[in-house]
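First the structure, in the form of structure tokens, and then the observations on it.
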Amino acid sequence: MMKCDIAREAALKILYEINEKGAYSNIALNKHFSFHDLSGRDRAFITELVYGVVRWKLTLDRTIAACSDIKMEKLSPWIRNILRLGTYQLLYLDKVPPSAAVNESVTLARRYGHGASAGYVNAVLRNIAGGGGKDIVPDRAADPAGYLSVRYSYPKWMAVKFTELFGEEFAEGLLEAGNGVPELTVRANTLRTSAKGLIEALGKDGVEALPGKYAEEAVIIKSQVSVAELEAFRNGLFQVQDEASMLPALALAPQPGEKVLDACSAPGGKATHMAQLMQNRGLITAMDIHDHKLRLVEEAAARLGINIIRTELHDAAVPVPGHEGTYDRVLLDAPCSGLGIIRRKPDIKWAKESRDIGSITALQRRLMDSVSKAVRPGGVLVYSTCTLLPEENECIVRDFLDGNDEFYEDDIAPFLPPGLAKHANGGMLQVFPNRDGIDGFFIARLARKVR
């Protein structure tokens, strides 16, 4: 039996878990890495292959279908994923010679199929390497959404939705940005260091790092690293967090000594950020519906040296009688469609359908109504999501305010980094990956009236 390339075979097994068993990319990757001793180079290549195939799946499948006389659904799952792997390397990885992409795929087909499978894979990939399947993208003038869908590998409903909301040019920028590879951004733990101090500490370990784009505590790690293996991480000097995800805590602006509720807290990035802003003085109730996720909050707090977070197992959609009117500040980082973080979680493209939005917004309304009851008169409520759809964002806030005269929109700009404050609209802010270079996020700041 011919020896398969370790990285490509690992990527194939992980893609099988994702595409055939519904595993999440990041979880499937981490699980495989935890059980196999791989070099940093192999890990990087496996990660690129897996995320690349997931990201470009629609375009890859269209290309394969154009060069094959067998329909994709008739192929075995292993051969289907081998073809996607090979096609991705041919179309998107200039550093991989076409001959290597074809030959390694054929070797995988022999192991996971049979002789005929290997011949078939060889024929299809050689066709693609020779230029086959290049005319699969619909004509832009005749079918603009179809063009964007295939050109950037998104479900057509997303291309249609973004075009309707933002116009064709901005929508194209969004789709393109969603296919980018996000930078590794972390939040300096200001209880133990500063962003400058963290950059210096990382530099001593040979890790290149730079200040973030907007937030004072943000640091961008440029080197290829395994975060968990860094001494600075083990010593609690930072938490992995995109700058967009730092904005809700900044907008809430909790003060030392206050009582704060983080209603949908896990895995704890925002709760630990708020604890930093509070100088580890006061109380943060970190609430979540899943016990195992609350343990992640507790582990993060312990590593970062934070002792003001108390976890509470509860469904935030159901009011807690003991919470009513008792919190100075409440953060609701609500479950959402996640369309603002596709560059980070490309699985979202294929996991969400347009029909899902209705059930998501219904939950968001219930959560908003429930957790708002915990805000004391004169207190602050921040609502945030990692999506781009107005029906999950502005519409939720407007509907809440229309039905609740206890709250009003509070100017959010003074609490934002200067580079983003200019985009504020009253009490609300929407950030976009293509315009702002960070994840897509929505944040609204509301205040409760004093009667």
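Quick note: the coordinates plus some simple rules give every number you see, no bench work behind them. Model, not experiment: these values are computed from the prediction. A quick note on method: Cβ atoms are made from the backbone with ideal geometry, for glycine too, and the neighbour counts reach across all protein chains shown.
Annotations for the structure displayed:
- Label separation (L210 vs R110): 4.6 nm, computed from points 7 Å beyond Cα along the C-beta direction.
- Here the translational diffusion coefficient of the range 372-451 follows from Stokes-Einstein with Rh set to the Kirkwood radius across Cα pairs; for 20 °C and 1.002 mPa s it amounts to 164 µm²/s.
- DSSP bridge analysis restricted to the range 246-448 gives an antiparallel fraction near 45%, rounded to the nearest 5.
- For the range 6-129, the spherically averaged projection of the C-alpha convex hull amounts to 7.0 nm².
- Relative compactness, the range 279-366, computed as alpha-carbon Rg over 2.2 N^0.38 Å: 1.32
- Pairs beyond 29 Å (Cα-Cα), from K204/K422; K196/K270; K349/K373; K21/K71; K134/K222; K134/K161: K204/K422; K349/K373; K134/K222
- Toward the positive end of the charge dipole of the chain, with +1 on the Cβ of Lys and Arg and -1 on the Cβ of Asp and Glu, the farthest Cα among L283, T326, A374 is that of L283.
- A simple spin-label model places the labels of A123 and E391 4.5 nm from each other, with each point 7 Å out along Cα-to-Cβ.
- D333 long-range amide H proximity, modeled H, under 5 Å: A263, C264, S384
- Extension gain (nm, one decimal) between R234 and N30, 0.36 nm per residue minus Cα-Cα: 71.6 nm
- Global form of the range 190-246, assessed from the alpha-carbon gyration tensor, a/c cut-off 1.5: rounded
- Ordering K74, K57 from the fewest to the most neighbouring beta carbons within 10 Å gives K74, K57.
- Degrees, to the nearest 10: 243-252 long Cα axis against longest axis of the chain: 10
- Normalised per residue, the volume of the convex hull around the Cα set of the chain (Å³): 147
- Amide H contacts for V240 (H built 1.01 Å from N in the peptide plane; partners 5 or more residues away or on another chain; cut-off under 5 Å): R187.
- Rounded to the nearest 500, the 222 nm mean residue ellipticity of the chain from helices alone is -14500 deg cm²/dmol, with -39,500 (n - 2.57) taken per DSSP H run of at least 4 residues.
- Modelled label reach - F170, point 7 Å along Cα→Cβ, the range 394-410 residues with backbone N closer than 16 Å: 394-395
- For the range 418-432, the Karplus equation 6.51 cos²θ - 1.76 cosθ + 1.60, evaluated at θ = phi - 60°, returns couplings of x, x, 10, 4, 5, 8, 5, 10, x, x, 10, 9, 10, 10, 10 Hz by residue, with Gly and Pro reported as x.
- Alpha carbon convex hull of the range 246-448, projected area averaged over orientations, nm²: 10.9
- Debye log10 I(q)/I(0) at q = 0.27, 0.30 Å⁻¹ for the range 18-63, Cα point scatterers: -1.03, -1.13
- Alpha-carbon centroids, the range 41-89 and the range 277-327: separation in whole Å: 42
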